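Structure first, commentary second.
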Protein chains: 2
Amino acid sequence: MTTFRIDLAYDGGGFRGYARNAGVRTVQAVVESALATVLGAAVDTEVAGRTDAGVHARCQVVSFGWEGTIDLVRLARSLDGLVGPEIVVRSAREAPPGFSARFSATGRTYRYFIDDGPSPDPLRRDWVWHIAEELDLAAMSEAAGAFVGEQDFASLCRAAGDRPTVRLVRSAEWRREDGLLVFVVAASSFCHQMVRSMVALCVDVGRGRVAPSSVPGILAARDRSAARGVAPPHGLVLWEVDY
Amino acid sequence: MTTFRIDLAYDGGGFRGYARNAGVRTVQAVVESALATVLGAAVDTEVAGRTDAGVHARCQVVSFGWEGTIDLVRLARSLDGLVGPEIVVRSAREAPPGFSARFSATGRTYRYFIDDGPSPDPLRRDWVWHIAEELDLAAMSEAAGAFVGEQDFASLCRAAGDRPTVRLVRSAEWRREDGLLVFVVAASSFCHQMVRSMVALCVDVGRGRVAPSSVPGILAARDRSAARGVAPPHGLVLWEVDY
């Protein structure tokens with residue numbers, strides 16, 4: 001059995017998230033169905049990041065095992081034709097033995113895009129959250145600084161029963177880039193709705209509704225009700241996966 | 001009669017161009033119909049740039065005359081609600097006496113966006129022309145240099161009967177910005193399909209199919225068949241209008 005790796009990008013606007021879910025259109029369902037068409041048999045795939053409904057990916061990684069050889073150029077081209085234009089196949093290659101898109105990943109980076117100018121840009125409306133109120137970048141940067149380190153993020157995660165909510169956040173920062181406010185956050189992995197909860201909290205800081213100095217206390221509470229909800233999914237992009 | 005000015009941005013993908021055209025959806029038809037709804041009477045508008053089907057605008061300017069006063073805050077808000085989200089009303093204000101969005105404009109700037117990386121970005125596919133072949137920026141810049149000055153652009157304009165095809169191009173350049181190749185061109189005004197013809201010619205130069213040194217001769221021919229067709233409309237954005 002050889003393991004193969006496929007790198008994807010997608011506009012998540014038309015999907016009910018990445019993960020297969022009966023009766024709704026998901027990225028995984030479209031990709032696995034196209035793979036079955038091209039390979040002539042069903043395959044089970046693993047994925048680096050199970051993005052939520054409406055969340056996009058610039059770089060998503062999928063892996064699967066297959067007995068025998070695959071013409072990778074043909075696979076990439078056929079798959080791209082079947083899943084496009086919302087999903088783009090960036091590459092298809094053979095992975096090292098034992099590779100898993102999910103378990104071999106050592107880190108994920110997400111970006112979240114906000115436009116705090118007076119009017120939205122209609123060409124970027126599908127992946128930018130427009131807030132018609134200037135946000136305080138310095139205060140948001142201070143808030144983001146409190147996310148860095150190994151901590152329990154229960155306050156910023158959707159309840160997941162007994163699953164652990166401790167994560168190692170390697171970096172978290174806000175920048176102004178190309179007219180947008182961009183949140184760049186890298187971690188070992190993220191729990192459910194964690195990035196969007198971070199963004200909602202930072203936006204309330206940027207609006208002056210929450211003091212940046214209160215963020216460590218919100219985290220220490222380990223209580224979701226201490227936080228500030230979630231930012232809309234369409235501003236979020238899975239940007240990079242490290243192995 | 002007072003003259004009013006409205007600044008718009010739009011995603012042109014869903015419109016058959018700016019100008020009113022019986023039986024099809026155009027930006028002008030949507031905007032004038034919304035204006036009639038808000039003002040309670042039909043108005044005739046003038047526009048800075050009559051963009052083609054599929055072409056976008058970051059800043060388009062419309063003007064109209066109206067007897068009496070208008071609550072501009074309410075007008076902008078109501079109009080924006082009626083025409084959105086593909087069209088965004090950036091502002092509504094009173095213009096100086098005699099102002100015409102079309103005839104008072106002293107210059108227009110367009111940008112054209114190309115991605116020459118191996119895979120398209122699904123989030124930018126609506127306003128970026130993807131060409132899966134690296135283009136030669138230096139050669140394209142040399143070609144663009146030949147466009148600058150007051151010249152007859154008949155080779156780069158769609159035939160317009162006896163209408164003049166002399167235009168003053170103030171600047172024309174290619175840049176690499178945010179991973180994209182961007183053409184920025186400013187002129188007094190443009191004739192029909194002129195920017196897209198410039199882009200098609202530059203792309204053939206960037207591919208090595210046309211020598212940049214042959215561009216002055218193509219212009220001097222004053223013959224559309226000497227040029228290289230037109231680039232697709234979706235990469236083109238009316239960027240700015242000067243008064």
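Taking the Cα centre of the range B:129-243 as origin and assigning +1 to Lys and Arg Cβ atoms and -1 to Asp and Glu Cβ atoms, the resulting dipole is close to 360 debye.
Sequence-distant contacts, meaning Cα pairs under 8 Å at least 6 residues apart, place the relative contact order of the range A:46-183 at 20 percent. When the alpha carbon gyration tensor of the range B:170-236 is reduced to an equivalent ellipsoid, the three semi-axes, largest first, read 19, 15, 12 Å. Between A:L137 and A:E173, full extension at 0.36 nm per residue minus the direct alpha carbon distance yields a gain of 12.0 nm.
Mean residue ellipticity at 222 nm from the helices of chain A, using -39,500 (n - 2.57) per DSSP H segment of n ≥ 4 over the full residue count, to the nearest 500 deg cm²/dmol?
Numbers: 5 runs with 53 residues, N = 243.
Taking each H run of at least 4 residues, the total per residue is -6500 deg cm²/dmol.
Taking Lys and Arg as +1 and Asp and Glu as -1, the other residues whose beta-carbon sits under 12 Å from that of B:G208 total -2. Neighbouring Cβ atoms from other chains, within 10 Å of the Cβ of residues in B:120-130, number 6 on average. With label points set 7 Å from Cα along Cα→Cβ, the inter-copy distances at B:R207 are 5.0 nm, sorted shortest first.
Taking neighbour Cβ counts within 10 Å as the exposure measure, how do B:F147, A:F99 sort from fewest upward? It would help to have the intermediate numbers written out before the result.
On the way: B:F147 24, A:F99 19.
Final ranking by Cβ density, sparse to dense: A:F99, B:F147.
Look at the Cα gyration tensor of the protein assembly as shown: its axes a ≥ b ≥ c give a/c of at least 1.5 with a/b at or below b/c, and that counts as oblate. Taken one residue at a time, the phi angles of the range A:5-12 give Karplus couplings (6.51, -1.76, 1.60, θ = phi - 60°) of 10, 10, 9, 10, 10, 8, 8, x Hz. Gly and Pro are set to x. Normalised by the number of residues in chain B, the mean separation of alpha-carbon contacts (under 8 Å, six or more apart) gives a relative contact order of 24 percent.
Show log10 I(q)/I(0) for the range B:107-242 at q = 0.09, 0.16 Å⁻¹, two decimals, from a solvent-free Debye sum over equal Cα scatterers. The Cα Debye sum returns log10 ratios of -0.23, -0.76. Charged side chains reduced to their Cβ positions (Lys and Arg at +1, Asp and Glu at -1) give chain B a dipole of some 380 debye around its Cα centre.
Using the Cβ of B:A221 as centre and a radius below 13 Å, the other residues enclosed give a net charge of +1, where K and R count +1 and D and E count -1. Projecting the Cα atoms of B:P216, B:F153, B:A143 onto the dipole axis of the range B:105-243, where Lys and Arg carry +1 and Asp and Glu carry -1 at the beta carbon, places B:F153 farthest toward the positive end. Placing pseudo-labels 7 Å out from each Cα toward the beta carbon at B:E67 and B:T2 gives an inter-label distance of 1.5 nm. When chain B is turned onto chain A, the axis of that turn runs closest to one Cβ of chain B, and that residue with its distance in whole Å is B:D178, 3.
Just to verify a number: FRET efficiency for A:R158 and B:S91, C-beta to C-beta distance, R0 = 30 Å, to 0.05?
With R0 = 30 Å, the Cβ-Cβ based efficiency is 0.15.
Close amide H partners of B:S91, meaning residues 5 or more places away or on another chain with modelled amide H under 5 Å apart, are B:D7.
Taking the alpha-carbon centroid of each part, what is the distance from the range A:122-153 to the range B:94-160 in angstrom? So the two Cα centres are separated by 33 Å. Treating the Cα atoms of chain B as identical point scatterers in vacuum, please give the log10 of the normalised Debye intensity I(q)/I(0) at q = 0.15 Å⁻¹, two decimals. The Debye formula, applied to the Cα set alone, gives -1.03. Across the identical copies, the label point of B:R175 (7 Å from Cα in the Cβ direction) is separated from its matches by 1.7 nm, in order from shortest. The residue list A:V31, A:A76, A:A105 was ranked by how far each Cα lies along the charge dipole of the range A:1-111 toward its positive end, using unit charges on Cβ atoms, and A:A105 comes out on top. The distance from the alpha carbon centre of the range B:169-196 to that of the range B:28-53 is 27 Å, rounded to a whole number.
Between copies, how far does the label point of A:R222 sit from its twins, in nm, shortest first, when each point is 7 Å from Cα along Cα→Cβ? Relative to the other copies, A:R222 has label-point distances of 8.3 nm. Placing unit charges on the Cβ atoms of the charged side chains and taking the dipole of the range A:107-242 about its Cα centre, the candidate lying farthest along the positive direction among A:I114, A:C202, A:S188 is A:S188.
By its C-alpha gyration tensor, with a ≥ b ≥ c as the square roots of the eigenvalues, how is the range A:1-122 shaped: rounded for a/c under 1.5, else prolate for a/b larger than b/c, else oblate?
Working: a/c = 2.03, a/b = 1.68, b/c = 1.21.
Prolate.
By the rule of a second cysteine Cβ within less than 4.7 angstrom, chain B holds isolated cysteines at B:C59, B:C202.
How high is the relative contact order of the range B:107-242, in percent, with contacts defined as C-alpha pairs under 8 Å that are six or more residues apart? Don't skip to the end; give the middle numbers.
Numbers: 281 pairs, mean separation 50.3, N = 136.
Relative contact order for the range B:107-242 comes out at 37 percent.
No solvent, one uniform scatterer per C-alpha: report log10 I(q)/I(0) for the range B:138-186 via the Debye equation at q = 0.23, 0.31 1/Å, two decimals. Reported log10 I(q)/I(0), two decimals: -0.86, -1.14.
Taking max minus min of the alpha-carbon positions on each principal axis, the range A:72-152 gives extents of 48, 38, 16 Å, largest first.
Read the figures in this text as sums done on the coordinates, not as results from a lab. Bear in mind the structure is a predicted one, so any value in this text is a computation, not a measurement. Reconstructed Cβ throughout: ideal geometry from the backbone, glycine too, with neighbour counts over all protein chains shown.
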